[in-house]
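A quick write-up on the structure given underneath.
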Amino acid sequence: MGHRVVTGSVQKIAVVVWPIMIGVGYWIGYLFAHGVPQWPPLVASEWMPTVVLPAVLIVGLVCGLHQFAWWFEDAMWVVVIIIAIAILLRPRVPQTLALGHAVAWVVGLGLPVSLFTIVLSRVERRLYGGTIPVVIMMVMVGASACLMMGGYATLVPATLALGGGVVAGSLLSVCFFYTVVSCGLIRICLVLLVGQLVLGKFYAELPLTEMVLLGMALPAISVVLLPVIGQKSYWQIRFWCFLASGIPVLVAVTISGLKYAATATTSYNF
Amino acid sequence: MKQAILVSASAVVITVGLVVGLPGAHSAQSINATKFNIDESHAAIYFRITHLGMSYTYGRFNEVSGSILIGAGATSFDLAAMTASIDTNNGKRDKHLRNADFFNAKQFPSITFKGTGTQSDDDVLHMTGELHLHGITRSVPIHLKKMGEGKDPWGNYRIGYATEFTIKRSDYGMDSMLGTIGDEVDIMVSFEGIRE
């Protein structure tokens, strides 16, 4: 698996299939943990499946199907990312988060995430095979573990199912195209992952360190790989990808685990 | 003409009276009522909930505040508990309860109860109050028993109440882990107020 050249039509099918698989995956996980979200949303987590997820998937779909100017496509993602973070922080303003702080968080998180999505979308086009889906699954599992230990257990099924959707999409891709066509996937996953981490940080007790480490795990691919793509073998690139993403995930899970174990209390089973 | 001027003048007087007089009337009502501030060191909100259907887990809120307003015909209560102050004698569980799986303390920092009741002969106040929990407000019938009132050894005038009632946490959108943890929550409240 890996070196098969994919044509334009295959890529178009992939950019339609990925948002559907990811959306279905997230919804299955969410329904399992929470049931049907109410409208209008009352708690912050309900904004994810009802507004943020559809918005991200639609932009992913539109950008995949239509060839926009690069600057317009990137601008659309920046707008979606900023709005998504603002929507998720809104329920805490002004009761427990001052408007100024919320704006600072939206800008402080939104701009780097936007930059990473832009860089990742460029790198993604140059990567092939199942590397990206496996890395995404690894990051989602790590994020789930940290969210669990950060006290937001009901966010875990949706996060895991997000990764599950990616795995299912990869299997479909292998079945039909004999390779994993991952174009258009990583941006969607990064934005949704950041959404889950924002919920963990601002509505549970996911520490900032773990949030940053997990949020950096996917962009780390680009930081490490940009200089080596085209100069290294497929297996070397795959190795560096797993290493670049795996280290921050491993560090985040280790820190979370140590903090959880250090909580001075007896065992806890609800 | 003279009649028209009189009518206009009356209208102005009535309007001014309404505008100026209403706040005055409200103040007079407030003065007639006696206000008690909740004594936080003698206020307790405990709850219990079943675990696996085998036993009860007990908990409390350590930060409670509010006031009591006793008027001629009715008594009003305004109580608040800070959700972050939950205490079930297990640090990990308290952390989990504070988070979005349950009380969502960062989005809903307090639980409030507001109610007005009339006193019956047996010192019990019957009321239907508004319980605001987890962002949802629902009416809850409550029977508050007056435990006693009088001067304490330090010269303060106190009044004390206690009540017990049951709610369903799912009614307030707190439906995580139903089954493992029960739906019905028994709540026990007792507090003293000190007259201002």
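Every test in (1) within 14 Å of chain B (Cβ to nearest Cβ); (2) farther than 26 Å from A:Ala252 by Cβ is passed by A:Val174 save one, and that test is (1). Summed over the range B:74-84, residues that are closer than 20 Å to A:Gly150 by Cβ and surrounded by fewer than 20 Cβ atoms within 10 Å (Cβ to Cβ) total 1.
Could you tell me whether A:Gly29 is under 25 Å from B:Met174 (Cα atoms) and at pLDDT below 90? Even if it seems obvious, please write down each step before you answer.
On the way: under 25 Å from B:Met174 (Cα atoms): yes; at pLDDT below 90: yes.
Yes.
Within the range A:88-105, which residues are surrounded by 13 or more Cβ atoms within 10 Å (Cβ to Cβ) and among the hydrophobic types (A, V, I, L, M, F, W, C)? Walk me through it before giving the result.
Quick first cut of the range A:88-105, residues surrounded by 13 or more Cβ atoms within 10 Å (Cβ to Cβ) only: A:88-93, A:96-97, A:101-103, A:105.
Matches in the range A:88-105: A:Leu88, A:Leu89, A:Val93, A:Leu97, A:Ala102, A:Val103, A:Trp105.
Scan the range B:33-56 and give yes if some residue there is assigned to a loop (DSSP other than H, G, I, E, B), out of contact with any Gly (no Cβ under 7 Å at 6 or more places or on another chain) and either within 20 Å of B:Gly193 (Cβ to Cβ) or within 11 Å of chain A (Cβ to nearest Cβ) (or both), otherwise no. Yes: the range B:33-56 contains one or more residues that are assigned to a loop (DSSP other than H, G, I, E, B), out of contact with any Gly (no Cβ under 7 Å at 6 or more places or on another chain) and either within 20 Å of B:Gly193 (Cβ to Cβ) or within 11 Å of chain A (Cβ to nearest Cβ) (or both).
Among the residues of the range A:118-127, are any closer than 16 Å to A:Val194 by Cβ, surrounded by 14 or more Cβ atoms within 10 Å (Cβ to Cβ) and among the hydroxyl-bearing types (Ser, Thr, Tyr)? Within the range A:118-127, one or more residues are closer than 16 Å to A:Val194 by Cβ, surrounded by 14 or more Cβ atoms within 10 Å (Cβ to Cβ) and among the hydroxyl-bearing types (Ser, Thr, Tyr). Within the span defined as the range A:82-100, every residue fails to be on the phi > 0 side of the Ramachandran plot, within 14 Å of another protein chain (Cβ to nearest Cβ) and out of contact with any helix residue (DSSP H, G or I) (no Cβ under 7 Å at 6 or more places or on another chain). Residues being surrounded by 15 or more Cβ atoms within 10 Å (Cβ to Cβ) and free of Cβ contacts under 8 Å to residues at least 24 places away in the same chain: count how many of those fall in the range B:105-123. Residues in the range B:105-123 being surrounded by 15 or more Cβ atoms within 10 Å (Cβ to Cβ) and free of Cβ contacts under 8 Å to residues at least 24 places away in the same chain: 2 in total.
Mind counting the residues in the range A:181-226 that are outside any helix (DSSP H, G or I) and either in contact with a Ser or Thr (Cβ under 7 Å, 6 or more places away or on another chain) or not polar (S, T, N, Q) (or both)?
Restricting attention to the range A:181-226, the residues satisfying the condition of being outside any helix (DSSP H, G or I) are A:181-184, A:204-207, A:218, A:226.
Restricting the remaining residues to those that are either in contact with a Ser or Thr (Cβ under 7 Å, 6 or more places away or on another chain) or not polar (S, T, N, Q) (or both) gives A:181, A:183-184, A:204-207, A:218, A:226.
Counting residues in the range A:181-226 that are outside any helix (DSSP H, G or I) and either in contact with a Ser or Thr (Cβ under 7 Å, 6 or more places away or on another chain) or not polar (S, T, N, Q) (or both) gives 9.
Exactly one residue out of B:Ala44, B:Ala4 is in the same structural domain as B:Pro109 (by TED's automatic domain parsing) and modelled with pLDDT of 50 or more: that is B:Ala44. Summed over the range B:150-180, the residues that are of a type in the set (A, V, I, L, M, F, W, C) and in contact with a His (Cβ under 6 Å, 6 or more places away or on another chain) give a count of 1.
Inspection of the range A:36-44 identifies at least one residue that is closer than 19 Å to A:Tyr203 by Cβ, assigned to a helix (DSSP H, G or I) and either within 14 Å of chain B (Cβ to nearest Cβ) or modelled with pLDDT of 85 or more (or both). Contact map, the range A:72-100: first residue over 25 Å from A:Leu57 (Cα atoms), second residue assigned to a helix (DSSP H, G or I) and small (Gly, Ala, Ser), Cβ cut-off under 6 Å, separation 6 or more or different chains; pairs are A:Val93/A:Ala102. For the range A:127-171: of the residues being under 19 Å from A:Ile247 (Cα atoms) and β-branched (Val, Ile, Thr), which is farthest from the other protein chains (Cβ to nearest Cβ)? The extreme case among them is A:Thr131.
The values are calculated or read from the model by the stated rules, or taken from the named source; none is laboratory data. Fair warning: this is a prediction, and the values are worked out from it, not measured in the lab. Please note: Cβ atoms are built from the backbone with ideal geometry, for glycine as well, and neighbour counts cover all protein chains shown.
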